[in-house]
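Notes follow once the structure below has been shown.
The values are calculated or read from the model by the stated rules, or taken from the named source; none is laboratory data. Because the structure is predicted, anything quoted here is derived from the model rather than measured. Cβ placement follows ideal geometry from the backbone for every residue including glycine, while neighbour counts extend to all protein chains displayed. These area figures cover heavy atoms from the full protein model, side chains too; ligands, DNA and RNA do not enter into them. Shrake-Rupley method; radii C 1.70, N 1.55, O 1.52, S 1.80 Å.
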Amino acid sequence: MRPLIFIVVLLCMSNMPPLNFILRVFSGDTLMPGMSERFYISKDLRYVYQGDLSDTLTNACYIQYKALSPSSSHKLYRLQLIEPWKFWKWKEYLVDEKWKQPYQHVSERELKQALDFFSKAYQSPDGTLSCSQVDL
C-alpha cells in the first residue's frame with residue numbers, strides 16, 4: 001500500500017511547480033508554449049489556425065472559412081499528440097482546452113500545402129496566419 005501512495009503523491013507533485021519545471025527541463029520539453037503549441041487545422045486542410053480556440057468564433061479568417069466551405073466540417077483538430085508517458089503533463093492534458101480537441105495527423109508536406117492555401121485563400125498580407133478582411 002505504501003508504494004502505491006508514494007506513486008500517487010509523486011504523480012500529483014510532478015504536475016505542480018517546481019517539480020514540473022525540473023521534469024520539463026530534463027525531458028527536453030519546452031518551458032514556454034511555442035508557435036506550434038496552439039496550432040489547429042481543419043479536416044479538409046483548408047484552414048489553419050494559431051491561437052486560443054475560444055477566439056475562433058470572432059476570427060475573420062474562420063468566418064471566411066465557414067462561408068467559403070459551408071459543406072465542410074468546421075471542427076478544428078490539434079496537431080500535437082498526447083504523450084501519456086510524460087506524466088508531468090497530465091494536468092495540462094486534463095485542463096487545457098487544446099487537448100480536448102481531436103487529433104489530426106498531418107505530414108510536413110501537407111502542412112506546408114495547407115499554409116500556402118491559407119495564405120492565398122484568405123489573402124494573408126504577410127504570409128502569416130492573419131488575414132485581410134474580405135467582403136463575402
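Do we have any residue at all in segment 85-95 that's of a type in the set (D, E), closer than 13 Å to S42 by Cβ and modelled with pLDDT of 90 or more?
Scanning segment 85-95 turns up no residue that is of a type in the set (D, E), closer than 13 Å to S42 by Cβ and modelled with pLDDT of 90 or more.
Can you say whether W99 is touching a Leu at 6+ places or on another chain (Cβ under 9 Å), among the hydrophobic types (A, V, I, L, M, F, W, C) and at pLDDT below 95, as far as the supplied structure shows? Steps first, please.
Numbers: touching a Leu at 6+ places or on another chain (Cβ under 9 Å): no; among the hydrophobic types (A, V, I, L, M, F, W, C): yes; at pLDDT below 95: yes.
No; evaluated as a whole, the condition is false for this residue.
Restricting to segment 102-119, and then to whatever is over 21 Å from S130 (Cβ atoms) and in contact (Cβ under 8 Å) with a residue 60 or more places away in the chain, can you tell me which residue is least open to solvent (accessible area, probe 1.4 Å)? Among residues in segment 102-119 that are over 21 Å from S130 (Cβ atoms) and in contact (Cβ under 8 Å) with a residue 60 or more places away in the chain, the one least open to solvent (accessible area, probe 1.4 Å) is Q104. When segment 71-88 is filtered for residues that are surrounded by 11 or more Cβ atoms within 10 Å (Cβ to Cβ) and either touching a residue at least 12 places away in the same chain (Cβ under 8 Å) or among the small types (G, A, S) (or both), the ones remaining, listed by number, are S72, H74, K75, L76, Y77, R78, L79, Q80, I82, K86, F87, W88.
So if I check each of F26, F21, F6, F39, which one is hydrophobic (A, V, I, L, M, F, W, C) and under 30 Å from Q123 (Cβ atoms)?
Working: F26 fails: under 30 Å from Q123 (Cβ atoms); F21 fails: under 30 Å from Q123 (Cβ atoms); F6 fails: under 30 Å from Q123 (Cβ atoms).
Result: F39 is the single residue among F26, F21, F6, F39 that is hydrophobic (A, V, I, L, M, F, W, C) and under 30 Å from Q123 (Cβ atoms).
Being open to solvent by 90 Å² or more (accessible area, probe 1.4 Å) and in contact with a Lys or Arg (Cβ under 9 Å, 6 or more places away or on another chain) is a property that does not hold for K91.
For segment 5-22, name all the residues that are out of contact with any helix residue (DSSP H, G or I) (no Cβ under 6 Å at 6 or more places or on another chain) and of a type in the set (A, V, I, L, M). Walk me through it before giving the result.
So in segment 5-22, the residues out of contact with any helix residue (DSSP H, G or I) (no Cβ under 6 Å at 6 or more places or on another chain) come out as 5-10, 12, 16-18, 21-22.
The answer is I5, I7, V8, V9, L10, M16, I22.
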